[in-house]
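Data first, discussion second: the structure below is written as structure tokens.
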Amino acid sequence: MTNHWVDIKNADLILIMGGNAAEAHPCGFKWVTEAKAYRKARLIVVDPRFTRSAAVADYYAPIRAGSDIAFLAGLINYLLSHDKIHHDYVRSYTDFSFLVKADFGFENGIFTGYDPEKHSYDKASWGYQLGDDGFVLTDPTLQDPRCVYQLMKAHYARYTPEMVSTICGTPQDAFLKVCEMIAETSASDRVMTIMYALGWTQHSQGSQMIRTGAMVQLLLGNIGKPGGGMNALRGHSNIQGLTDLGLLSNLLPGYMTLAGEKEQDFAAYLDKRSPKPLRPGQLSYMQNYPKFFVSTMKAWFGDAATAENNWAYDWLPKLDKTHDILQVFEDMNAGKMNGYICQGFNPLASAPCKIKVSGALSKLKFMVVIDPLATETSEFWQDHGEYNDVDPTKIATEVFRLPSTCFAEEDGSLVSSSRVLQWHWKAANPPGEARADQEIIAGLFLKLRELYAKDGGAFPDPILNLTWRYKQPHFPSPEELAREFNGRALADVTDPKDATKVLVKKGEQLNGFAELRADGSTACGCWIFAGAWSEKGNLMARRDNSDPYGIGQTLDWAWAWPANRRVLYNRASCDPAGKPYDPSRMLVAWDGVNGRWGGSDIPDFKPDSNPTDGMGPFIMNPEGVARFFAVDKMADGPFPEHYEPMESPLANNPMHPDNPLARANPAARVFKGDWDSFGKPDQFPYVATTYRLTEHFHYWTKHCRSSSVIQPEQFVEIGETLAAERGIRSGDHVRVRSNRGHIVAVAVVTKRLRSLSVEGKQVHTVGIPIHWGFMGVARNGYLTNTLTPFVGDANTQTPEFKAFLVNVEKIQTIV
Amino acid sequence: MNLSRRQFFKVCAAGAGTTSLALLGFSPDAALAEVRAFKLANATETRNTCPYCSVGCGILIYTLGDRSKNAHAEVIHIEGDPDHPVNRGTLCPKGAGLLDFVQSENRLKYPEYRAPNSREWQRITWDDAFTRIARLMKEDRDANFVATNEAGQTVNRWLSTGMLAASASSNETGYLTHKFARSLGMLAFDNQARV
Ligand code: SF4
């Protein structure tokens, strides 16, 4: 979230699209209710299903699953053509006036630089026109046809209300009603927030859906303001934290990135990630990258990381490509992998196309499962009848299953969607011999290190030199680990302006990332977490819930990254002169007397930068402003464009009916062998979408009695029209088939899923809750990922669970 | 002392994780007035957060006893933390049922091993598990570690073993796991963020 849960109460309008907070994030949704009750805020829900969020909305518009970009692109067109944009904001804080390279273009659904063989783009033309001084050329009059504003206007003019309705199946009047309501928030004293979740991410064009939403918010001037922002409602309790800590194939802690194999030159690696300002007077905060990187290497490798060995740069693995979860199962299925460790992750249930995942795991030599619960993955080799029909005697994978603790049995911190790191305390001992995760990792690591120390082996240096300063090596304590990722001074850290002034003494905990140094005098495991555990102690454990400004900021409750800031980009809540656009909801303001920024939040800005200096509020971008034109940051185009889901009920993309290359996302992640696994609408005519229920959490709570009592059995939701067509009544058992497999479930016939008219034909949607499996105390069921396609988003490789094709038939009732 | 239950907890807590009424030897007037002692009065209260979704609701876990050496601290009750600024004491049906997660009959209790082509688990010791897994990992890493690629560039990577990390585990676990995986040269490394 750019903002945070409680801040939703400051909104005037709430758009929930690509999510269903009332059911999936119930206690966070209460802040929507609060905004409605006390601010008279209105709620709009756009969703294929009439969800419980929709049930309390002021306005609901249906949409075909997977067509969100078309809807939002139509909204952009509406805002631009009706002049409902925040002029001051877009002129001062965005790239509206920036000039784009002359050879960038877009034709028949494809951007310049496309290679159909590689299913990807060469992005050389996706950039700015630069002057001799290295700065971007601009046209403040916005008349130049190559300026971002003009290009964007032309790009989205094609998304007329008629076209939106044709693609999305949303009735035109409903679409226009939503546009009108949203357009009101272009005023300075009206703010909209957008709340989204997996309903936007789990698509082959998911990143661009989110981007289109962010563009809407920028046009309206709603980013950086209280009650505004782009609010990703993360799924798991600490998925935010694990991403912040960089536990993804291509990342390092704090969103630093691992080097590609071509990046053999350390200086060039740092240089590329420390961009110089692209406009005069801009901060370009990532110029500090070397400080963050060197400090992480000092935290990991201690004295072994030196200036001479480039702080052990060579010790980090270099990428040939991203080995994300889809790539890994592709390689595993091809027999290229031997071992796999699943720590609190159940990929047999949560990765797409179960049959492929199961086949892949069967080709491993060994698998290790670390989990508090008996997961499906840990028993992928076991015969569980129709739900997991395999022959154990034919599966040679060795499997280890190691019991770990759960939340109640450990200390530590989790990062909520608000980016708040909250400490929790151990209440009881775990059952049996279960151990804490860090104890298990330590056990494995120390054994490996012992073997490497004794027998040698392939490149032992990083293993032998990994810092392990824990008082009990077999049990690194959460406190020690938290202090390590916060960081400490390895030598006195002095003020860059006055070398006699010591900011932090040798050995002390750091107060924040501003104290990091690139000369090896600081160690910090995750720069964005610096400040969480300073000399003041564990700030994540703070429990003062006072709210002095009355807008829900609670700065003394736990600790938020970065720098305890609660609303990102908050400088943009003020006009260029530094005055809040809406003084009744002040986050920060320029204090001319003291020459500093201050207010109810930690300023997301250089604290002493006078507004007259003209520094832009988006300090992480070298431009200093937000981008409508994504330059080369996205894999599938600088402007979002509507493409059909990989499996779509339409033969063509209505935007580009003559170009088969532009039917689905031209840069989506598809492996060669998987093209045949996609179904066609003649055999699989219905759109399927998967989702979560209020009573269950993924595949965990089917192990819990209470959840299993209130939602005991697998079901699918079917609209009344489709049910009538297929002779299905509520309570019947139905078989739902995709081109990859089938599930059997009880049918719930409902008004909540309506048929939509898309390109002149009726499109039906089948709703598939995900929570059942063959382990647990609920009634056994099929893993829904038996059905889903093995295709990923072009940028994040997130699989397309929200829009694919199925067929449905009634079967004889089974007892 | 005239304190409401909430004030009382605030006074006792003062930033610490746990409080025990029994330990302190007194309890709020309201509870004393009850005909039968308030069941949780003899319990220890521990502050925690819900491990399910990212709302991050604050919870209070009640365990039997006062944490003295031989007392088995069994979790008997979990409820929303009224002081938490986001959930203010409420929980959704998942969070309200957290006790059943802690006590689930499907909690794993011992390290287990499934041999190739076998139909069953066998119980093993932790030491046995660590030793065998470490040997398998080392054998694979030593055989398949790539120090330089075909172009002769230094790459120091190990692709034939991978890992999925847990996005309900703590930052402290996640941080240690990251150190562990990268020191081995792993790239086939992800968490639930992508799914
Ligand atoms: S109680 Fe419900 S809303 Fe709160 S964190 Fe847990 S799952 Fe989310």
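The values are calculated or read from the model by the stated rules, or taken from the named source; none is laboratory data. If you're wondering where the values come from, they're calculated on a predicted model, not measured in any experiment. Note that we place each Cβ from the backbone using ideal geometry, even for glycine, and neighbour counts take in every protein chain shown.
At a glance:
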| read-out | value |
| --- | --- |
| Test for B:G185: is it on the phi > 0 side of the Ramachandran plot and surrounded by fewer than 24 Cβ atoms within 10 Å (Cβ to Cβ) | no |
| Which listed residue is in contact with a Phe, Trp or Tyr (Cβ under 9 Å, 6 or more places away or on another chain) and more than 30 Å from A:N3 (Cα to Cα), from A:K84, A:K177, A:K101, A:K118 | A:K101 |
| Residues that are of a type in the set (A, V, I, L, M) and either farther than 15 Å from A:T701 by Cα or within 7 Å of chain A (Cβ to nearest Cβ) (or both), drawn from segment B:81-104 | B:V86, B:L91, B:V102 |
| Where A:N309 falls short, out of the listed (1) crowded, with 21+ Cβ neighbours inside 10 Å; (2) free of Cβ contacts under 8 Å to residues at least 40 places away in the same chain; (3) under 21 Å from A:I463 (Cβ atoms) | (1) |
| Segment B:65-80 - residue that is part of a strand (DSSP E or B) and at the interface with chain A (Cβ under 9 Å from one of its Cβ atoms) and, of those, farthest from the ligand (Cβ to nearest atom) | B:V75 |
| Residue in segment B:54-63 that is nearest to the ligand (Cβ to nearest atom), counting only those that are of a type in the set (A, V, I, L, M) and within 9 Å of chain A (Cβ to nearest Cβ) | B:V55 |
| Complete set of residues in segment A:456-478 that are within 8 Å of chain B (Cβ to nearest Cβ) and outside any loop (DSSP other than H, G, I, E, B) | A:P462, A:I463, A:P478 |
| Counted residues, segment B:81-104 - those being basic (K, R) and near the ligand (Cβ under 7 Å from one of its atoms) | 1 |
| All positions within segment A:399-425 that are of a type in the set (D, E, K, R) and either at the interface with chain B (Cβ under 7 Å from one of its Cβ atoms) or in contact (Cβ under 8 Å) with a residue 40 or more places away in the chain (or both) | A:R401, A:E410, A:D411, A:R419 |
| Flag for A:I325 being surrounded by 23 or more Cβ atoms within 10 Å (Cβ to Cβ) and among the aliphatic types (A, V, I, L, M) | yes |
| Verdict on A:G235 being at negative phi, in contact (Cβ under 8 Å) with a residue 12 or more places away in the chain and either within 13 Å of chain B (Cβ to nearest Cβ) or part of a helix (DSSP H, G or I) (or both) | yes |
| Hits in segment A:656-678 - residues which are assigned to a loop (DSSP other than H, G, I, E, B) and either among the basic types (K, R) or crowded, with 22+ Cβ neighbours inside 10 Å (or both) | A:R663, A:N665, A:P666, A:A667, A:A668 |
| Residues of segment B:118-136 classified as of a type in the set (A, V, I, L, M), touching a residue at least 12 places away in the same chain (Cβ under 8 Å) and facing chain A (nearest Cβ under 7 Å), total | 1 |
| Which numbered condition A:Y59 misses (of (1) within 30 Å of A:P26 (Cβ to Cβ); (2) touching a Gly at 6+ places or on another chain (Cβ under 6 Å)) | (2) |
| Pairs where the first residue, in segment B:39-52, is within 7 Å of chain A (Cβ to nearest Cβ) and more than 10 Å from B:D81 (Cα to Cα) and the second is within 14 Å of the ligand (Cβ to nearest atom) and assigned to a helix (DSSP H, G or I), C-beta under 6 Å, 6+ apart | B:C50/B:G95; B:P51/A:F407; B:Y52/B:K94 |
| Any hit, segment A:757-773, residues being touching a His at 6+ places or on another chain (Cβ under 9 Å), more than 16 Å from the ligand (Cβ to nearest atom) and not in a loop (DSSP other than H, G, I, E, B) | no |
| Test result for B:R47, charged (D, E, K, R), more than 16 Å from the ligand (Cβ to nearest atom) and either surrounded by 13 or more Cβ atoms within 10 Å (Cβ to Cβ) or modelled with pLDDT under 95 (or both) | no |
| Qualifying residue in segment B:105-117 (condition: within 16 Å of the ligand (Cβ to nearest atom) and at the interface with chain A (Cβ under 7 Å from one of its Cβ atoms)) | no |
| Any hit, segment A:242-252, residues being at the interface with chain B (Cβ under 7 Å from one of its Cβ atoms), under 16 Å from A:P562 (Cα atoms), in contact with a helix residue (DSSP H, G or I) (Cβ under 9 Å, 6 or more places away or on another chain) and within 16 Å of the ligand (Cβ to nearest atom) | no |
| Residues being polar (S, T, N, Q) and either within 14 Å of another protein chain (Cβ to nearest Cβ) or closer than 20 Å to A:C179 by Cα (or both) - total across segment A:20-51 | 2 |
